[in-house]
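Everything on this sheet refers to the single structure shown next.
The values are calculated or read from the model by the stated rules, or taken from the named source; none is laboratory data. What you see is a predicted model; the values in this text were computed from it and never measured. All Cβ positions, glycine included, derive from the backbone under ideal geometry; neighbour counts span all protein chains shown.
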Amino acid sequence: MDNEAETKSVVLAGVGGQGILLASGIVARAAMQAGYDVKTNEVHGMAQRGGSVVAQIRFGTKVYSPLVPMGTARVLGALEQTEALRYSGYLAKDGLAVVNAQTIVPVTVSMGAARYPENIEALLRNAFPRMIYLDAASKAVELGEIRTANIVLLGALSRGLDLQEAAWREAIASSVKEKFRDLNLKAFDIGRNFK
Amino acid sequence: MKQLMSGNEAIARGAYEAGVTVATGYPGTPSTEILENLSKEKSEVYCEWSPNEKVAFEVSAAASLAGVRSIVTMKHVGLNVAADPLMTLSYLGVVGGFVACVADDPGMHSSQNEQDTRQYARFAKVPIFEPSDSQEARDFMLMAMEVSEKYNTPVILRSTTRVSHSRSLVEIGERISTRREIGLEKNPPRFVPIPVWGRVMRNKVEDRLKLLTGASEASSANRIEWRSRSLGIVTASIAYQYVREVWPEASVLKLGFSYPFPDALIREFALGAQHVLVVEELDDILEQHIKALGISCQGRDYVPGIGELSIDRLLASRAMMDGRVPKVQKPAEFALPDRPPVLCPGCPHRGIFSALGRHDVVVAGDIGCYSLGAFKPLDRMDTVLCMGAGVSMAHGFDKAGDPKKIVGIVGDSTFFHSGITGLLDIAYNKGRSTIIVLDNRTTAMTGHQDNPGTGRTLMGDATPVVSIEAIGRACGIRRVETINPYDLEETQRVISRELEAGEPSLIISRAPCPLRERSRVGEMRKVEAEKCKSCKICLKLACPALEGGAEVPKISEYLCIGCGLCQQVCPAGAITAKGRAGNG
């Protein structure tokens, strides 16, 4: 499939309310800035009420499906650890996983109907040979705004995609309110320069 | 410059460009953002959230008869509610262009069933357009308006979740400004389908269908893409996008104006391709029709008809067709905890479900955020059928003689949508059920739309607030009480009392949705570890802010908005307001 070789896919996962939709909009704009055809997909409605949320972005010279086929994503970005594993099937074998080392306990665990994996970091390292594992939430808190964790993650994720830094910066600048612009650009830099 | 737009934004843009001046609808995922986006143009387009889809449909239909271009928006199940006006507007025909935008939800991401709106097009004998991306969503709206006016017919524009909620690039245009003569023509034989005139209309509908077949055959929305002739695929809507990736070498008949079926085009395509495969999401409408034309084709043998299609599912179809074993990309298995959607932290509905949990009653539920009350551990909703059924089904359980007390639950917007008629039935036919309206002052699940109870219109104007209490009394309910669901003691007392009343009662549980208000309900709570007896009763509230797992539950400072329900259910007095006690 010719198209398959050209179209790049990104999958973002997390929990409703973590800012997945803003992050997916920024990836799409960055790809647009770079001159690509772009499609995205996101989940609304019932799935947003604290449930597991996934957003998908695809770009290339000509994109058909907005949905990412299994095993093809260049990058999987997850704002919550178990969500990284839940959507791991999307990632290509040589793809990059970027995982926020945050735990959000689902209600199923709180009520004792399920267990949160104890060895989550080991599971992640085993599942993702190429992984950036960072505490985006703490970095965001250091910046003074927990809600920029998604942008910190985006910064790290940007390293797995062949898009120019200027495209990312413009995409961020045009996606957030002006008074939060510098803050979000700083958050992006923290993620992009994370060692 | 092209813009990145969701399918719903693009539908709204198309309606704006088409010169629509009246737009109505009822919120429903995945259709809601059409009207929300169009209402940004409120200086040029009158937009309203109507109480339900039937009303919305009739309002826009009348606008069309008065000569203006109009649209109505709804989700697939909404068209069931609006089916009555649809079926007969097909007879009356339209004057100004009229397009019903209906969004299906294959895969049931946010719906109670999976139904194929294309069936309605055939049922009502009206044309249907099916965009496959945002550009087509905008373009097809303009075409649909033209077809509607040219052939005096209502038209359906059918989207699906993946069209409505995917973003892609759109080239937009300017708004068409035409001077229209507005005013209903005095012509009862045209607009009054009493049998003598209705029979005439009935024949006109069939004549119109023949003309429309010619129109669909000539439409640029339907096209043949010739590539390899060994396989020809007939497809429409989002399935087209998957087909292009799974069978990049195949010829494709891409349908955008899919009913009336463009028979001449289908025949031409079938003649040119050695094998014909139909790839359609949900029902096998195209396949059955193509077979009825005497053309040999395959479809359902390989392509699933349940749930939404995807590249992965179609790769499996392709493997089966090619006689290969489908290469199933089995993702690695992890023992992961499920993460279902839950009522938000501080949701006022939680108080009602907690209180109902103390009673062995039958609870007829309804459509809205509170449907989540069916999940464990709240587990306090026994049935959900459709909008308004929480009220009328409660009455049915009561009249069947169910030995348990009967409770019906309905939200405020759902009550206005179709709960009032059920309540009228309960009062009129001397029922005994207890109806609880969960009045959170908004249409929450779909993203906080206004409704007749919020005091504001979609145009942003202040408007009278309807009184649910007064409606209840006017229906003939004598026992009407309003409670604060954050006060568990009051809530429990009133529910217990009303269950024993022996006559119907209406309880209005009133507290605004904190997600909409974006404000705290009260002071943040914390667990005092030394007092906690680890009884886990607080966890039965299923509040995302309460993290269990450890001996002593923890309250998340990011999520807690201080509703205080956990403090009220804690028998050990271990949960307190953070500001007041301890060192928090």
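Here A:G89 meets each of (1) more than 20 Å from A:R169 (Cα to Cα); (2) more than 10 Å from chain B (Cβ to nearest Cβ) with one exception, condition (2).
Within the stretch B:422-447, the residues that satisfy the criterion of being under 29 Å from B:H109 (Cβ atoms), at pLDDT 95 or above and not in a strand (DSSP E or B) are B:G422, B:N440, B:R441, B:T442.
Condition check for A:L123 on (1) away from chain B (no Cβ under 14 Å); (2) buried (at least 16 other Cβ atoms within 10 Å of the Cβ): one failure, at (1). Do we find that B:R162 is in contact (Cβ under 8 Å) with a residue 24 or more places away in the chain, among the charged types (D, E, K, R), within 14 Å of chain A (Cβ to nearest Cβ) and not in a loop (DSSP other than H, G, I, E, B) in this structure? So B:R162 fits the description; yes.
Taken over the stretch B:217-247, residues that are part of a helix (DSSP H, G or I) and more than 19 Å from B:D284 (Cβ to Cβ) amount to 5.
Taking the criterion of being more than 9 Å from chain A (Cβ to nearest Cβ), surrounded by 21 or more Cβ atoms within 10 Å (Cβ to Cβ) and in contact with a strand residue (DSSP E or B) (Cβ under 7 Å, 6 or more places away or on another chain), the residues of the stretch B:532-554 that qualify are B:C538, B:A545.
Out of everything in the stretch B:428-479 that is among the β-branched types (V, I, T) and over 26 Å from B:V361 (Cα atoms), what residue ends up being nearest to the chain's Cα centre (by Cα)? Step by step, filter the stretch B:428-479, then rank; the result is B:T446.
Annotation note: of A:S138, A:S110, A:S174, the sole residue that is touching a Leu at 6+ places or on another chain (Cβ under 6 Å), within 14 Å of chain B (Cβ to nearest Cβ) and either over 14 Å from A:D189 (Cβ atoms) or surrounded by 20 or more Cβ atoms within 10 Å (Cβ to Cβ) (or both) is A:S110.
Do the conditions hold for B:L356, that is, is it touching a residue at least 12 places away in the same chain (Cβ under 8 Å), facing another protein chain (nearest Cβ under 10 Å) and either surrounded by 17 or more Cβ atoms within 10 Å (Cβ to Cβ) or not charged (D, E, K, R) (or both)? In short, no. For beta carbons closer than 9 Å, sequence separation of 6+ or different chains, a first residue in the stretch A:29-43 that is of a type in the set (F, W, Y) and a second that is outside any loop (DSSP other than H, G, I, E, B), the qualifying pairs are A:Y36/A:K8; A:Y36/A:F59; A:Y36/A:G60. Tell me the residue from B:R520, B:R516 that is within 38 Å of the chain's Cα centre (by Cα) and in a loop (DSSP other than H, G, I, E, B), please. The unique qualifying residue is B:R520. Residue count for the stretch B:87-128 under the criterion of being in a strand (DSSP E or B) and in contact with a Phe, Trp or Tyr (Cβ under 6 Å, 6 or more places away or on another chain): the result is 1.
When you check B:K578 against the structure, is it over 33 Å from the mean Cα position of the chain (by Cα) and among the charged types (D, E, K, R), yes or no? Yes, satisfied.
With the condition kept exactly as written, say whether any residue in the stretch B:508-528 is within 12 Å of another protein chain (Cβ to nearest Cβ), surrounded by fewer than 14 Cβ atoms within 10 Å (Cβ to Cβ) and more than 30 Å from B:R432 (Cα to Cα). Within the stretch B:508-528, not a single residue is within 12 Å of another protein chain (Cβ to nearest Cβ), surrounded by fewer than 14 Cβ atoms within 10 Å (Cβ to Cβ) and more than 30 Å from B:R432 (Cα to Cα). Taking the criterion of being facing chain B (nearest Cβ under 9 Å), modelled with pLDDT under 95 and on the phi < 0 side of the Ramachandran plot, the residues of the stretch A:33-52 that qualify are A:E42, A:V43, A:H44, A:M46, A:A47, A:Q48, A:R49, A:G51, A:S52.
When residues in the stretch B:448-479 are screened for being assigned to a loop (DSSP other than H, G, I, E, B), crowded, with 16+ Cβ neighbours inside 10 Å and out of contact with any Asp or Glu (no Cβ under 7 Å at 6 or more places or on another chain), 6 of them pass.
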